[in-house]
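Everything below concerns the one structure shown next.
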Amino acid sequence: MQSHDVDVAIIGGGHNGLVAAAYLAQAGKSVVVLEQHDVLGGAAISAKAFDGVDAKLSRYSYLVSLLPKRIIDDLGLDVTTAPRRYGSFSPAPDGTAGLLIDKIDAEATERSFDSVGAGSDFEAWNKFYAKTETIAQRLFPTVLEPLKTESEVRDLLGPELWNEFFARPIGETIADAFESDLVQGTVMTDALIGTFASNRDAELDANKCFLYHVIGNQTGEWNIPVGGMGAVTSSMAARAREFGAELRSGCEVLSIGDLGSDTTTDSPARNVTYRQGGDAHTVSARFVLANVARPVLESLRGRSSAHTIEGAQVKVNMMLQRLPKLKPGTDPVAAFGGTLHINEGFKQLETAFEQASRGEIPNPLPCEIYCHSITDPSILGDGLRKSGAQTLTVFALQTPHSLLRDNDNTVMRQKLQDAVIDSINSVLSEDIRDLLLVDANGKPCIETKTTLDLERALGLPGGNIFHAPLSWPFVLDNSPLSTPAERWGVDTPEPRIFFCGSTARRGGAVSGIGGHNAAMAVLEFDQGHD
C-alpha cells in the first residue's frame, strides 16, 4: 500500500465533490477526489449513448436551475445556461388543444388558457407564481449560508406563504388556486419529480419537492446547460485542478477507517482505502467528504444495513429523425421547446399514484419530455444538425422502486419503456417509434433507465435521484447547531466525515450547494481550531 496525506479526501467526483474540491483548494487546502468511474461528473455527465451517433446526451441530469450564480462567480466557472422560450405545453385530454405557456408572450398564453376552457385560471396562474417567486427571492439566498431555523424562515416568508406552501399539502393549495384539472396537474408535477406521493400528501414530501423546483436563483427558471451537462462538470473539474486539487478517476473506495493520528502532523486523521488499476492504496485525510448516499457511506464504514429509500421515476433517452407531430396541431418546436406534460392532469396523477401503490404500472403513465437540442444544438454533430435530428429525454412519474423489487429488471424495463411509448403516442398524430434514428448496429436509438439501473450505475439507493427523501432547507427550532457541520447541514454521526452531495440538507439536483456548504464547514472548523 502507498500512503498519501492530505487535508481533505472527497469520495465521489460528481458535481458536488468537484465544487467542494475547488473551494477547498482555492482556500489553500490539499485535496484529493476519488471517483470510481473513469469519467468525472457523476450523474451530471454527457455521453454518446448510441453507437455511431454523434450526439452528446445529458444522460441522467438534464436541466439547471439550482446552481447558484455565486458559485459560478466564486470559482470562475465557464458555465453557460440558455433559457427556454416556452415554459410548458400540456395537451388537453381530448387532443383538440393544449395549454402552452409562452414566457415572452403573455397574450398568447392567455389565449391558450382560453383554448382549453381555463380562462379563469390565467390570472390565478400569475398570482400563484408571483407567490413562488417571492418565496424564491427570500429563501434562495439562504441556501449558501448556515442553516436557518423553522421560525426564522416562517418569519422571513410571512404567515400566508408559510401556510400555503409549507404547512398544508401542496396539492390542496394547488386545487384551491385553480379550477382546471389540466392546469392543476401542470402545476402539481413539480411536486412529484423523483418523489412518490399523493396529491394530498400529508407527509409534505411533495411540498419539499415542489419548493426545490421553484426557488432556483430566485426565479425558479430551469435552463439548458449549453454544451450539455458534461460541460458544467468539466468546467468544475478544470477549476478544481487549477486551484491545486488532485482528481483521480477509476478509484473504487473500499473503506473509511476510524480516526487515528496522521504520522506527519500528529493530528487526527482517517485512512481511506481504495482500489485503482487492481492495486490497493490508502490516503490519510484530516477530513472526509462523502459525495455519496448515506447507505453507501454506512457500507464504507463497515455498517451496511437495509434501507427503505426509493426513487420514483423512469428515464428514457432517444434520438429522433425530427420532432413528431401532435394531435392538437401545435408547432412541435413550441410543444417540445419547454416541458411537454403528457397525461399529467391532476386526477391522472392521483390515479397513477393509486395504481402504482397497488404494484401496477400506471396506465396512462404520466410523462414529461425535454428536448435539449432545440435550445442548444451544439450537442449534435454537424450531420445531425443539418438533418433536423433532435434529442428527447422522457421523465415518467409515479413509478416507485417497489415496482422493480420482486420483478426481473430486464422485463420491467421493457414494460416501462412500452408504457412510456404508449403515453407519448396518445398525444401524437404519428407513432414516435417510426421516427427513431438507428445506431451503427441498426438498433433504434432509445435507452431506458429504471430505478434499479440508476442504483447500479450511480449508487443511488432505490434509484432515488436525490439520494434520499428531500429535507426542508431549514431545521426545527430545537435542532442542535453546535458544530460547523451541523450549522451548514452536512453533518454525519461521525466526526470529520461530512456529507457534501445530495444527501446533505439542501442537497438534490445539479446545484453544487452541498459541495459549497461542506467546504465552508471544513474551513469554519479549521478557523475555530487555529
Subset of segment 447-493 [under 19 Å from the mean Cα position of the chain (by Cα) and part of a helix (DSSP H, G or I)]:
T451, L452, D453, L454, E455, R456, A457, L458, P461, G462, G463
Pairs where the first residue, in segment 249-262, is closer than 9 Å to L34 by Cβ and open to solvent by 70 Å² or more (accessible area, probe 1.4 Å) and the second is of a type outside the set (D, E, K, R) and not in a strand (DSSP E or B), C-beta under 9 Å, 6+ apart:
E252/Q36
Just one listed residue, out of I361, I369, I309, is aliphatic (A, V, I, L, M), without any contact (Cβ under 8 Å) to a residue 60 or more places away in the chain and open to solvent by 10 Å² or more (accessible area, probe 1.4 Å), and it is I361
Selection from segment 116-128 of residues part of a helix (DSSP H, G or I) and surrounded by 16 or more Cβ atoms within 10 Å (Cβ to Cβ) yields D121, F122, A124, W125, F128
Just name the residue that is surrounded by the most Cβ atoms within 10 Å (Cβ to Cβ) out of those in segment 198-209 that are out of contact with any helix residue (DSSP H, G or I) (no Cβ under 6 Å at 6 or more places or on another chain) and not aliphatic (A, V, I, L, M).
K208
Look at segment 459-476 and say how many of its residues are crowded, with 22+ Cβ neighbours inside 10 Å and among the hydrophobic types (A, V, I, L, M, F, W, C).
5
Would segment 266-289 turn up any residue that is in contact with a Leu (Cβ under 9 Å, 6 or more places away or on another chain), closer than 30 Å to D205 by Cα, crowded, with 16+ Cβ neighbours inside 10 Å and not β-branched (V, I, T)?
yes
Give the residues of segment 385-414 that are open to solvent by less than 30 Å² (accessible area, probe 1.4 Å), hydrophobic (A, V, I, L, M, F, W, C) and assigned to a helix (DSSP H, G or I), sorted by residue number.
L403, L404, M412
Does segment 215-225 contain at least one residue that is in contact (Cβ under 8 Å) with a residue 24 or more places away in the chain, surrounded by 23 or more Cβ atoms within 10 Å (Cβ to Cβ), part of a helix (DSSP H, G or I) and not acidic (D, E)?
no
Of the numbered conditions (1) within 29 Å of P484 (Cα to Cα); (2) without any contact (Cβ under 8 Å) to a residue 24 or more places away in the chain, A245 satisfies every one except a single condition; which is it?
(2)
When you look at G28, is it open to solvent by 10 Å² or more (accessible area, probe 1.4 Å), in contact with a Gly (Cβ under 7 Å, 6 or more places away or on another chain) and at pLDDT 95 or above, yes or no?
no
Given (1) free of Cβ contacts under 8 Å to residues at least 40 places away in the same chain; (2) not in a loop (DSSP other than H, G, I, E, B), identify the lone condition not met by E203.
(2)
Listed by first then second residue, the pairs whose first member lies in segment 338-356 and is charged (D, E, K, R) and open to solvent by less than 20 Å² (accessible area, probe 1.4 Å), whose partner is modelled with pLDDT of 95 or more and part of a helix (DSSP H, G or I), with beta carbons under 7 Å and at least 6 positions apart or on separate chains, are E344/G185; E344/T186; E344/T189
Any residue in segment 429-440 that is exposed (fewer than 15 other Cβ atoms within 10 Å of the Cβ) and modelled with pLDDT of 95 or more sitting within a Cβ distance under 7 Å of a residue that is among the acidic types (D, E) and not in a helix (DSSP H, G or I)? List the pairs, counting only those 6 or more apart or interchain.
A440/D51
Just to be sure before I move on: is K69 under 29 Å from R506 (Cα atoms), of a type in the set (K, R) and free of Cβ contacts under 8 Å to residues at least 40 places away in the same chain in the structure I sent?
no
Some residue of segment 281-301 being among the charged types (D, E, K, R), assigned to a helix (DSSP H, G or I) and either more than 30 Å from R85 (Cβ to Cβ) or touching a residue at least 60 places away in the same chain (Cβ under 8 Å) (or both)
yes
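Okay, residues lined up against (1) assigned to a helix (DSSP H, G or I); (2) open to solvent by 40 Å² or more (accessible area, probe 1.4 Å); (3) at positive phi; (4) acidic (D, E):
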| position | (1), (2), (3), (4) |
| --- | --- |
| T186 | yes, no, no, no |
| F196 | no, yes, no, no |
| L211 | yes, no, no, no |
| G227 | no, no, yes, no |
| E242 | yes, yes, no, yes |
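The values are calculated or read from the model by the stated rules, or taken from the named source; none is laboratory data. Computed from a predicted model, the values in this text were never measured in an experiment. Counting neighbours? That spans all protein chains shown, and the Cβs are built from the backbone with ideal geometry, glycine included. To get the accessible areas, we keep the full protein, side chains included, count just its heavy atoms, and leave off ligands, DNA and RNA. Shrake-Rupley method; radii C 1.70, N 1.55, O 1.52, S 1.80 Å.
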